[in-house]
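The values are calculated or read from the model by the stated rules, or taken from the named source; none is laboratory data. These numbers come from a predicted model, not from an experiment. Every residue, glycine as well, gets a Cβ built from its backbone with ideal geometry; the counts of neighbours run over all protein chains shown. To get the accessible areas, we keep the full protein, side chains included, count just its heavy atoms, and leave off ligands, DNA and RNA. Shrake-Rupley method; radii C 1.70, N 1.55, O 1.52, S 1.80 Å.
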Amino acid sequence: MRNAKILISTFILLISLSLSLLAQQKQDLAFAEAVKNGVLVNEGFNRSVKYVNAWTKYTDPGTGLIPRNIKESKDYWNAWDAAADNYPYMVLTASMLMPEYLNTTALNMLKTEQNLTSRIGKLPDTYSFTKKGFLNETPDSSQIIFGAAEYMKDGLIPLTEWLGQSPWSDRMLGMLNDLPSLTRIVKEVKDSRFGKSAVVEVNGDLLQVLTRMYWFTGKREYLDWAVEIGDYYLNDERLPTVAMDRLRIRDHGCEIISGLCEVYLATYYSMPEKRNQWQKHIHQMLDRILAIGRNADGLFYDEVNPITGEILSERLADNFGYTFNAYYFVHQIDSKPAYQEALIKALSALNGKYRNHNWEGNADGYADAIEGTLNLFNRVPIPSVKEWLDSEIRVLWAFQKPEGIIEGWHGDGNFARTTLMYCLWKTQGIVPTAWDEQLNIGAVDDNGKLKIAISCKTGWEGLLKFDLPRYKDLMHYPTDYPRINQFQQWFTIDASKKYTIKTANLKPKTVAGGELIKGLPVKVAPGEAVYLTVSKGKD
């Protein structure tokens with residue numbers, strides 16, 4: 001009996017040791033991944049800073065504004081390209097990594113842009129550097145509407161979702177409040193590049209801006225305006241899949257799909273009777289696009305005729321993720337399993353068949369494809385998608401030239417946008433207050449515990465700012481639904497909760513969540529690696 005007890009005790013001890021070793025091995029694997037992430041973050045953040053510095057060299061000496069591009073459009077700044085797609089991501093990069101630049105150069109560009117380009121109230125028009133005035137002698141209201149809508153949705157919305165209330169959100173609200181002097185529902189836009197699709201693009205932009213600004217400000221007038229646009233489309237006569245013989249499921253067209261679904265989501269929370277009225281048409285639109293708008297792998301074509309089902313452009317839309325955002329949250333509120341199955345099918349095909357795929361043939365196409373996928377991966381973490389994201393970011397980064405310019409046009413900003421999103425995934429939302437080009441910061445969420453690895457060849461001292469639930473605390477959204485131009489939430493900190501910080505050689509420390517959001521002081525000696533574990537609750 002005694003020998004049996006000894007054997008049992010030995011067996012239990014061996015199991016305990018094995019479990020302990022497995023736990024230690026798992027912890028080591030988590031930190032090893034955090035180290036790898038830190039190397040990627042170092043490259044991504046340095047590339048973003050280099051992009052800002054490179055474009056700053058091309059600013060107009062007289063105004064300090066960047067041109068539309070550095071080729072044929074060097075003479076002017078315009079709202080729907082320079083302001084909407086490039087400048088905002090210089091600001092976002094600066095807000096994370098270049099605080100002095102943010103408070104001087106970036107802010108001065110905003111002040112100058114407001115002073116020089118506001119033409120009808122606070123609505124902007126194209127400004128010529130050589131003419132030292134507006135490019136067009138007579139204001140074109142359709143161009144002004146188009147420019148304001150693009151500037152708000154693609155430029156100022158992402159800045160506001162990251163910064164909260166700021167001079168940039170003030171600029172957006174100023175434009176939004178002046179827009180009704182020209183229109184409330186866009187029925188014509190004289191834009192030769194996109195033709196009739198510009199109309200649905202602008203209305204889609206406005207739906208997204210108005211819905212988010214309703215939650216941001218609490219002003220019901222913005223929701224009422226969005227509902228007015230929604231009513232215009234969500235009926236038997238003007239539903240996009242019923243009334244249009246050309247529907248873009250790519251950008252410059254897909255905005256109306258997301259926009260109508262965003263205002264539909266808003267009515268779910270704020271106007272349930274309107275949601276009930278619209279539900280049939282929302283489902284009809286989304287079902288028709290699924291039925292005729294996808295290839296065998298579930299990815300969307302660029303353009304279709306929703307009336308006949310004809311495929312007008314077989315090229316695949318790099319913006320597939322933007323459209324699937326809508327399918328995801330409509331499934332969440334309406335219990336439509338086919339919508340989630342559709343996005344899972346598309347995402348599951350990426351790593352096997354769409355590595356190094358030619359998305360539009362430029363960096364912007366890759367940036368949009370990666371951004372949309374990352375947004376969905378944040379909600380549906382399919383392992384093969386992680387592999388695809390890590391592969392394709394390399395393809396995107398290869399577009400950048402040694403000086404820091406990517407392709408020399410306004411789409412360069414989207415390179416930085418997607419790179420910053422990717423890096424925030426790899427840090428789980430942590431941003432250093434003092435960036436150093438030698439600094440590596442990587443993190444992994446290990447079953448609710450954040451494992452962080454930090455190193456710097458030259459040594460580093462500063463604060464690590466942890467992410468807060470921005471969708472709730474800054475934007476006042478009812479839920480963190482997937483949406484274009486958001487910066488995803490990974491490991492977020494509740495300011496009212498306590499957290500435990502553990503390091504290898506120090507006693508565990510309990511800190512308030514609010515302190516982590518303000519910044520955790522960290523010092524790293526030259527060549528040293530520091531490993532931190534952050535977990536909820538007291539030790």
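Structure above, values below:
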| quantity | calculated |
| --- | --- |
| Residues that are of a type in the set (Val, Ile, Thr) and surrounded by 21 or more Cβ atoms within 10 Å (Cβ to Cβ), drawn from region 70-93 | 91, 93 |
| Those residues of region 454-465 which are outside any strand (DSSP E or B) and β-branched (Val, Ile, Thr), in sequence order | 458 |
| Count of residues meeting criterion [in contact (Cβ under 8 Å) with a residue 24 or more places away in the chain, part of a loop (DSSP other than H, G, I, E, B) and over 25 Å from the mean Cα position of the chain (by Cα)] in region 473-525 | 4 |
| Scope region 94-153; condition of a type in the set (Lys, Arg), open to solvent by 50 Å² or more (accessible area, probe 1.4 Å) and assigned to a helix (DSSP H, G or I); matching residues | 111 |
| Residue match in region 44-62 (condition: in a helix (DSSP H, G or I), touching a residue at least 40 places away in the same chain (Cβ under 8 Å) and basic (Lys, Arg)) | yes |
| Residue, surrounded by the most Cβ atoms within 10 Å (Cβ to Cβ), within region 476-498, restricted to residues that are closer than 18 Å to residue 264 by Cα and of a type outside the set (Lys, Arg) | 484 |
| Test: residue in region 217-224 that is among the β-branched types (Val, Ile, Thr), open to solvent by 10 Å² or more (accessible area, probe 1.4 Å), in a helix (DSSP H, G or I) and out of contact with any Leu (no Cβ under 8 Å at 6 or more places or on another chain) | no |
| Residue tally, condition under 20 Å from the mean Cα position of the chain (by Cα), of a type in the set (Lys, Arg) and open to solvent by 60 Å² or more (accessible area, probe 1.4 Å), over region 337-389 | 1 |
| Pair list, Cβ < 8 Å and 6+ apart or interchain, from region 395-406 residues that are farther than 12 Å from residue 364 by Cα to residues that are surrounded by 19 or more Cβ atoms within 10 Å (Cβ to Cβ) and among the hydrophobic types (A, V, I, L, M, F, W, C) | 403/54; 404/52; 404/54; 404/55; 405/54; 405/55 |
| Close pairs from region 168-190: first within 18 Å of residue 227 (Cβ to Cβ) and modelled with pLDDT under 95, partner open to solvent by 30 Å² or more (accessible area, probe 1.4 Å) and assigned to a helix (DSSP H, G or I), Cβ under 9 Å, at least 6 apart | 183/141; 184/228; 185/228; 185/232; 187/232 |
| Neighbours by Cβ (under 7 Å, 6+ apart or cross-chain): first from region 309-320, farther than 20 Å from residue 363 by Cα; second not in a strand (DSSP E or B) | 309/292; 312/246; 312/305 |
| Residue list for region 515-531, restricted to those being touching a helix residue (DSSP H, G or I) at 6+ places or on another chain (Cβ under 8 Å) and open to solvent by less than 70 Å² (accessible area, probe 1.4 Å) | 529 |
